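Each remark here refers to the structure printed beneath this line.
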Amino acid sequence: MRKLILLLSFIVISAAVYPQHRTTIEISNFDNSQLHSSIASAASQIVASFNEAYRNGADPGLEGVKVTAPARNNINSLWKTSPFVCPETNLKIELIKQGNGNWELRPLPLVLKNESEPVEEEGVLVFNSAGVLEDMYFGIETHQYKKLLSKGVNLTDMRRRQIILDFVENFRTAYNRKDLKYIENVFSDNALIIVGRVVQKQQDGIDLLERSLSPGQVKFIRLSKQDYIKNLRANFDHNKYIKVGFDRIEIVQHKRYGYLYGVTLEQLWRSSTYSDRGYLFLMIDFKEEDKPLIHVRSWQPDKYTKAEEVLGLGDFEIIE
């Protein structure tokens, strides 16, 4: 009897990992339009393709779905690092209109296959006004997304906040899919990139900038855009998978230069060889709203950084 129980348990676990069900998606704010019907139908087909591919150990074919080439490439890139599956059977998801006329369907619950343990993500499907899939990326938690949007002081600020959040979500997903080209394009050529490294011990006979620091303190290293991209390329090549998560996001508009925003958040980096957690700060330029640029990126280890020591907008002098 004990062997039979164990066998049945194995079957249940296997069914959860390789689902046999079909996920049906409904739009919670459905308006009876043809566009909403098309998006709901396409989303259901897309998720069915994910589940079937996950179960069969294949790539998602997306048969019968209208999808742009960039969207297909992004999905395939994510799939290479970690295939994913939707564990739900029936979903009611909100459709949100973006400032550029596209529509976001969020949140789509996903479970990513990982070498160590499964990782949960909230997926975002982006459709254009014709109901064609334009993009897919991993979003931040829904309650956090809505909370940050609600802090907009006017329509312009709210629109920019939505752009910032979409940008931040795309930015972090680019690391998950190892999209070096995207990351390179969103940094300005003269971007200031600062990395905080922990001093572990002093090395006699070597003239280091951190010689005056005691073990456990953080030294700052400045990198050029070229150096950062070079290091990142090596990191991508060295790791089978990379998972970047963002939490506790804060958005601040510059008091004098309204097109500049500072984004501070906690970043969790997990890869096949290394993991860490730290504070990430981005200074983003929105002079051209459709082409945001990062002028400053700083990272500080959370274990050795006090809250008042986290870099922000006020720590950088702006010269036009």
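The residues of region 271-286 that are farther than 21 Å from L148 by Cα and touching a residue at least 24 places away in the same chain (Cβ under 8 Å), listed by number, are S271, S272, T273, Y274, D276, R277.
Can you tell me which residue is modelled with the lowest pLDDT among those in region 59-108 that are acidic (D, E) and part of a loop (DSSP other than H, G, I, E, B)?
Step one: list which residues in region 59-108 are acidic (D, E), which gives 59, 63, 88, 94, 104.
So of that shortlist, the ones also part of a loop (DSSP other than H, G, I, E, B) come out as 59, 63, 88.
On the way: D59: 92, E63: 83, E88: 88.
Of everything passing the filter in region 59-108, E63 is modelled with the lowest pLDDT.
Looking only at region 193-219, filter to residues that are touching a helix residue (DSSP H, G or I) at 6+ places or on another chain (Cβ under 9 Å), outside any loop (DSSP other than H, G, I, E, B) and hydrophobic (A, V, I, L, M, F, W, C); which one of those is modelled with the highest pLDDT? Across region 193-219, the extreme among qualifying residues is I193.
Applying a threshold of 9 Å to beta carbon distances and a minimum spacing of six or more residues, or different chains, the list of pairs starting in region 156-172 at a residue that is in contact (Cβ under 8 Å) with a residue 12 or more places away in the chain and in a helix (DSSP H, G or I) and ending at one that is acidic (D, E) and surrounded by 20 or more Cβ atoms within 10 Å (Cβ to Cβ) reads D166/E104; N170/D135. crowded, with 20+ Cβ neighbours inside 10 Å and touching a residue at least 24 places away in the same chain (Cβ under 8 Å), is that true of L268? It is false that L268 is crowded, with 20+ Cβ neighbours inside 10 Å and touching a residue at least 24 places away in the same chain (Cβ under 8 Å). For region 114-136, which residues satisfy the criterion of being out of contact with any helix residue (DSSP H, G or I) (no Cβ under 9 Å at 6 or more places or on another chain) and not in a strand (DSSP E or B)? Hits for region 114-136 are N114, E115, S116, E117, N128.
Within region 173-189, restricting attention to residues that are part of a strand (DSSP E or B) and either hydrophobic (A, V, I, L, M, F, W, C) or free of Cβ contacts under 8 Å to residues at least 60 places away in the same chain (or both), the residue that is nearest to F246 (Cα to Cα) is F187.
There is no residue in region 270-287 that is acidic (D, E), part of a loop (DSSP other than H, G, I, E, B), closer than 21 Å to S188 by Cβ and under 21 Å from the mean Cα position of the chain (by Cα).
All of (1) out of contact with any Ser or Thr (no Cβ under 6 Å at 6 or more places or on another chain); (2) closer than 27 Å to S275 by Cβ hold for L112 with one exception: (1). Using the structure shown, decide if V111 is in a strand (DSSP E or B) and either surrounded by 15 or more Cβ atoms within 10 Å (Cβ to Cβ) or in contact (Cβ under 8 Å) with a residue 60 or more places away in the chain (or both). Here the answer is yes, as V111 does meet what is asked.
Scanning region 49-82 for residues that are of a type in the set (G, A, S), in contact (Cβ under 8 Å) with a residue 60 or more places away in the chain and either assigned by TED's automatic domain parsing to the domain that holds S272 or under 18 Å from F127 (Cβ atoms) (or both) returns a single hit, A71.
The values are calculated or read from the model by the stated rules, or taken from the named source; none is laboratory data. Computed from a predicted structure; not experimentally measured. Ideal geometry is used to build each Cβ from the backbone, glycine not excepted, and the neighbour counts take in all protein chains shown.
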